[in-house]
Each structure stands twice: as structure tokens, then as C-alpha cells.
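Please read the structure below before turning to the comments.
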Amino acid sequence: MTDDGAVTHVDAGAATHWAPGTPILWRYRENAGEHFHIARPVTVVRDDEDLLAVWLAPGTECMKPVLADGTPVHLEPLQSRYTRPRTVQRDRWFGTGVLKLAQPGRPWSVWLFWDPGWQFKNWYVNLEQPLVRWAGGVDSEDHFLDISVHPDRSWHWRDEDEFAQAQRDGLMDARTAERVRAAGRDAVEEIAAWGPPFSDGWPHWRPDPSWAVPSLPEGWDRTPAHVSS
């Protein structure tokens, strides 16, 4: 880590457990492709055999997908959202930060959102491939379907329309879609049981004020040698 919070390596190499305060990359590959189209520099909060927790700070420079003409993806009608040509562009994470929690091997991560003033808003279960670690961070592929969990422990599915459209457009076959649905049902069982990480008091967590906002490194889209999950 450099003095300005830069991720200092994005090459291949063994990744053990990162110390709190270490900047890493949290990346997603494009669906039905091998290129990375989302890259977010984050700061490690905790990393052990049970959990990887990272902080995505407000104002962090990230890479995100856009349509080839620069149109934000979410503004494109659903029927053509996944078929029009795309590119990637630099942007910044606006609004409040996000705490991301991933249990090793789980096909989802749990994100925590706050309103201004650290008023806890909700948990967000992001269904995805289990994270794969490398020297500079973790990689995954998003699976479109998500779950919102409210402070009163109620929940609801999110983005079911995108999940269905992705299947129609050939970004996910029927077998994969069923695995994603099954993962979602497993996540709902975890929500009902209110075990970790929901029961671990994370809404009261706050970032270390000494942490610098990590910068987006050159080579953010390199394909490293993945070493563990």
C-alpha cells in the first residue's frame, strides 16, 4: 500500500489473509465473457477463514460498464439492455459507502447500506459466483438476482426482471439459473435463521478514519492466476 492508498499490485501471486487496512480490488467479469467490467478498490476490514469484510468508501474511483455510446446501463430499456454493445468507463462511487461481507465458498455476498448520518438502511444479498482470491483482490461474476433485507428482518427479491431477461438473451442457461435460484433460497433460509453475518452487529460498524480512499490501479483488468476461493 502506498501513502495515497493505492493498490500496489495487480499481478498474479499467492494471497493469504489480508490485514485490516489493506487496499484490494473487488471485481466482476462480464457475463458470458472473460473480461472484467466492474472494478472497485476497497479496504479490508476483516479477513479470516470465516469472513472477508471490505469497505467501499464514498468517492472511490471505479470502473463500470456503460453502453458504447456512453448511456448508463440502467437507463437502457430492459429488452435491449444486455444486447447493445458496451464499453467500460471510469466513475466514482457516489453517496454513502458500502460494507461488503463474503463468507468463503458462498454464492452470494452481503452488502450493508446506510443513509446520510450513518442511519442504517438495509442489507443487500448479491447473488454471484463464490469469490475467487488472487494477490490483488477477489473476482466474481454477478448473477442478476438479488435480495433486499430490511432492519425489521423482512425481505424481498430484487431484479427478477433482469434475471429473466438475462436468460432470454443467452447470458445464463437454464441450469445456471436454477443454481442461482437455489442459492437464493438458501440465502433466504439464512435470513430467516438470522445467523452470521446478519446477527454480528455490522450495522454499528464504522470505518477507521485514518484509512485513505484507495485508488484504482493501472492494470485493473489484468487476468491473474487465481489461487484460492
Take Ala19 and decide whether it is surrounded by fewer than 17 Cβ atoms within 10 Å (Cβ to Cβ), at pLDDT below 90, over 15 Å from the mean Cα position of the chain (by Cα) and of a type in the set (A, V, I, L, M, F, W, C).
-> no
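It is to be established whether one or more residues within segment 161-171 are over 27 Å from Thr96 (Cα atoms), at pLDDT 95 or above, touching a Lys or Arg at 6+ places or on another chain (Cβ under 8 Å) and not acidic (Asp, Glu). Talk me through it step by step, then tell me what you get.
Start the filter on segment 161-171 by keeping residues that are over 27 Å from Thr96 (Cα atoms), which leaves 164-171.
Cutting the leftovers down to at pLDDT 95 or above gives us 164-171.
Filter once more, keeping what is touching a Lys or Arg at 6+ places or on another chain (Cβ under 8 Å): 165.
Checking which are not acidic (Asp, Glu) leaves us with 165.
Yes, some residue in segment 161-171 is over 27 Å from Thr96 (Cα atoms), at pLDDT 95 or above, touching a Lys or Arg at 6+ places or on another chain (Cβ under 8 Å) and not acidic (Asp, Glu).
Return a yes/no flag: does segment 131-147 have any residue that is small (Gly, Ala, Ser) and farther than 29 Å from Ser215 by Cα.
Quick first cut of segment 131-147, residues small (Gly, Ala, Ser) only: 135-137, 140.
Checking the rest, the ones that are also farther than 29 Å from Ser215 by Cα come to none.
For segment 131-147, residues small (Gly, Ala, Ser) and farther than 29 Å from Ser215 by Cα: absent.
Of the residues Pro203, Pro207, only one is within 22 Å of Glu49 (Cα to Cα) and touching a Gly at 6+ places or on another chain (Cβ under 8 Å); which? Please lay out each step first, then the result.
Values: Pro203 fails: touching a Gly at 6+ places or on another chain (Cβ under 8 Å).
On inspection, the qualifying residue turns out to be Pro207.
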When you look at Ala135, is it crowded, with 17+ Cβ neighbours inside 10 Å, in contact with a strand residue (DSSP E or B) (Cβ under 6 Å, 6 or more places away or on another chain) and hydrophobic (A, V, I, L, M, F, W, C), yes or no?
-> no
Which one of these is in contact with a helix residue (DSSP H, G or I) (Cβ under 6 Å, 6 or more places away or on another chain) and within 26 Å of Trp220 (Cβ to Cβ): Phe120, Phe113, Phe144?
-> Phe144
If Arg84 satisfies every condition in (1) surrounded by fewer than 17 Cβ atoms within 10 Å (Cβ to Cβ); (2) part of a strand (DSSP E or B) but one, which is the exception?
-> (2)
Within segment 117-132, residues being surrounded by fewer than 19 Cβ atoms within 10 Å (Cβ to Cβ) and either on the phi > 0 side of the Ramachandran plot or assigned to a strand (DSSP E or B) (or both) number 8
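Given the criterion in a helix (DSSP H, G or I) and not aliphatic (A, V, I, L, M), identify the matching residue among Arg181, Arg206, Arg222.
Details: Arg206 fails: in a helix (DSSP H, G or I); Arg222 fails: in a helix (DSSP H, G or I).
Exactly one residue qualifies, and that residue is Arg181.
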Restricted to segment 187-203, and to residues that are part of a helix (DSSP H, G or I) and without any contact (Cβ under 8 Å) to a residue 60 or more places away in the chain, which residue is farthest from Trp118 (Cα to Cα)?
-> Glu189
Within the bounds of segment 171-192, is there any residue that is of a type in the set (Lys, Arg) and in contact with a Phe, Trp or Tyr (Cβ under 7 Å, 6 or more places away or on another chain)?
-> no
For segment 138-152, how many residues meet the condition of being outside any strand (DSSP E or B) and either small (Gly, Ala, Ser) or crowded, with 19+ Cβ neighbours inside 10 Å (or both)?
-> 0
Might you check whether a residue that is in contact (Cβ under 8 Å) with a residue 12 or more places away in the chain, closer than 25 Å to Arg106 by Cβ, touching a Gly at 6+ places or on another chain (Cβ under 7 Å) and in a strand (DSSP E or B) occurs anywhere in segment 64-75?
-> no
Across segment 28-83, the tally of residues that are modelled with pLDDT under 95 and either among the basic types (Lys, Arg) or on the phi > 0 side of the Ramachandran plot (or both) stands at 2
Among (1) modelled with pLDDT under 95; (2) within 19 Å of the chain's Cα centre (by Cα), which single condition is Glu218 missing?
-> (2)
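The values are calculated or read from the model by the stated rules, or taken from the named source; none is laboratory data. Only a predicted model underlies this, so the values are computations on that prediction, with no experimental measurement involved. Note that we place each Cβ from the backbone using ideal geometry, even for glycine, and neighbour counts take in every protein chain shown.
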